[in-house]
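Derivation of every value follows stated rules applied to the coordinates shown; laboratory data play no part. If you're wondering where the values come from, they're calculated on a predicted model, not measured in any experiment. Here the Cβ is made from the backbone with ideal geometry for all residues, glycine too, and neighbour counts use every protein chain on show.
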Amino acid sequence: SQQGEEDPQALSIQEGENATMNCSYKTSINNLQWYRQNSGRGLVHLILIRSNEREKHSGRLRVTLDTSKKSSSLLITASRAADTASYFCATAHSISNFGNEKLTFGTGTRLTIIP
Amino acid sequence: SAVISQKPSRDICQRGTSLTIQCQVDSQVTMMFWYRQQPGQSLTLIATANQGSEATYESGFVIDKFPISRPNLTFSTLTVSNLSPEDSSIYLCSVDLRRRNTDTQYFGPGTRLTVL
């Protein structure tokens, strides 16, 4: 399987603390994306980082990418109860000459924020 | 963002029957993707559906079990055939909105299937 690995599998922290999740993958990628899923519902796209980028910020989110180690991390600062969800990384791979990509998802991290 | 709807949102089916899931997008898209998410697990790509051509299936998934239709640029169906309890999962469709200068995929709300 080419599925990426995420760690930790589960993470519980107090509200206001920072949460860090890690993702490792196996093959070269076009970009890496992070998604959030609340209680088995649809996925919400959080942030995308391209293979030639090393760090990206979006609000309270910070993503890093190390292509030499084939790994990425997602940092959520000043966590809130509403951040409780499952977080998935997904690596994008080209499947056509027109720029279309398919995603390979990591195993996911279940984040619980304790009020 | 795109509006993607799926029908049904959930269903309970008997073993041996089939379920067809519909995915409708509010704009024309080249590629649509079907994923399976087994309970407590991550998403696994089942197949990629291009309009006007046969779907491309990932390793471990076959057309006889998961036939896909893609009759036009805004619609696709996934059928899960000869159901068994192991098929109990959430099935999600997604679209590649490259024409909107975004690299991201947008996901439908999912169809929760329970097989008894």
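Listed values, structure above:
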| item | result |
| --- | --- |
| Complete set of residues in region A:95-115 that are touching a residue at least 24 places away in the same chain (Cβ under 8 Å) and within 14 Å of another protein chain (Cβ to nearest Cβ) | A:E101, A:L103, A:T104, A:F105, A:G106, A:T107, A:G108, A:T109, A:R110 |
| Residue in region B:7-19 that is surrounded by the fewest Cβ atoms within 10 Å (Cβ to Cβ), counting only those that are in contact with a Leu (Cβ under 7 Å, 6 or more places away or on another chain) and not in a loop (DSSP other than H, G, I, E, B) | B:I12 |
| Selection from region A:51-94 of residues that are more than 14 Å from chain B (Cβ to nearest Cβ), more than 28 Å from B:Y91 (Cβ to Cβ) and exposed (fewer than 13 other Cβ atoms within 10 Å of the Cβ) | A:R54, A:E55, A:H57, A:G59, A:D66, A:S68, A:K69, A:A78, A:R80, A:A81 |
| Leading residue by the ranking (nearest to the other protein chains (Cβ to nearest Cβ)) among those in region B:20-50 that are more than 20 Å from A:V44 (Cα to Cα) and not in a strand (DSSP E or B) | B:T30 |
| Single condition B:T56 does not satisfy, out of (1) within 12 Å of another protein chain (Cβ to nearest Cβ); (2) farther than 16 Å from A:N100 by Cα; (3) surrounded by fewer than 19 Cβ atoms within 10 Å (Cβ to Cβ) | (2) |
| Selected residue (only one of A:I47, A:I13, A:I29 is away from chain B (no Cβ under 11 Å) and in contact with a His (Cβ under 9 Å, 6 or more places away or on another chain)) | A:I29 |
| Subset of region B:76-99 (residues that are crowded, with 17+ Cβ neighbours inside 10 Å and either touching a His at 6+ places or on another chain (Cβ under 6 Å) or more than 14 Å from chain A (Cβ to nearest Cβ) (or both)) | B:S76, B:T77, B:L78, B:V80, B:L83, B:D87 |
| Strands (runs of 3 or more DSSP E) wholly inside region A:1-50 that include at least 2 residues being of a type in the set (K, R) and surrounded by fewer than 17 Cβ atoms within 10 Å (Cβ to Cβ) | none |
